[in-house]
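A.B. asks: First the structure, which I've put down as structure tokens, then a few questions once you've had a look.
What follows is calculated from the coordinates using simple rules that are stated; it is not laboratory data. As the structure is a prediction and not an experimental result, all values here were calculated from the model. FYI the Cβ positions are ideal-geometry reconstructions off the backbone, even for glycines, and counts take in every protein chain you see.
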Amino acid sequence: MASLRLVFRVSACAMVLFAFTAPLAHAGLISGLLPGLISPSDTPATCNTSSSQAFAKVDGDYSNYVLVPGGSFEAGAAGWTLGRSVAVVSGNEPWKVHGASDSHSLYIPSGSSATTPAMCFAPGDWHMRFFAASSSSSVSSLQVRVRVKSLLGVLSILDGGKISSNSTWQPSARLGLLLTNLTGILATDSVSFQFVPSGTASWRIDDVYLDPWKNG
């Protein structure tokens, strides 16, 4: 009985602390205070804080970006969830923003999808950018879906937008979404992204980056 009372008191204290700190501190800080209690189960154990201005020489975008885990595809696609016939293939985006010796990208056929591992995210305006090329000589579209788990483990799939391109490698526009205004995911501290070809064209993507610090 004493142990049950102790568990109840610890749980109650955690809920009270969450109630007072959630409006003030972003979820990354909260999950650090209460690991395992109020963080989604797929929150990364560590966060990559190595940033670069990956697109500065491409089109003058001086935002700081963090590479999505495995997002260069030079060592395969570890941690990614790959749909039917999705594979790492030879051929890199021509700017080689991740590394001058890079030589691989991710192939996603029509009717399939590829999903990033969960990565750290601080609530606010995020911006995502990557490079893409389709198999079609005419313009086709690639949809980006945002996958977010709430503290209760409920998965929400949000529309992150579409990019349009042809068979020439192009940098994407800055895809953005204000997650903090969406009900049920206010304290989310991790996020993943799903790439889904629209129509009959297949796609290649490369050097996938996230700006999680509300730049610009």
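A.B. asks: Can you give the extra length, in nm with one decimal, that the chain gains between Val88 and Lys57 once fully stretched, where that is 0.36 nm per residue apart less the Cα-Cα distance?
C.D. replies: 8.6 nm
A.B. asks: Among Ile163, Ile108, Ile157, what is the fewest-to-most ranking by other Cβ atoms within 10 Å?
C.D. replies: Least crowded to most crowded, the residues run Ile157, Ile163, Ile108.
A.B. asks: In a shell of Cβ-Cβ distance under 13 Å around Trp203, excluding Trp203 itself, what net charge do Lys and Arg (+1) and Asp and Glu (-1) give?
C.D. replies: 0
A.B. asks: Ranking Asp61, Asp159, Asp206 by Cβ neighbours within 10 Å, fewest first, what do you get?
C.D. replies: Placing the least packed residue first, the sequence is Asp159, Asp61, Asp206.
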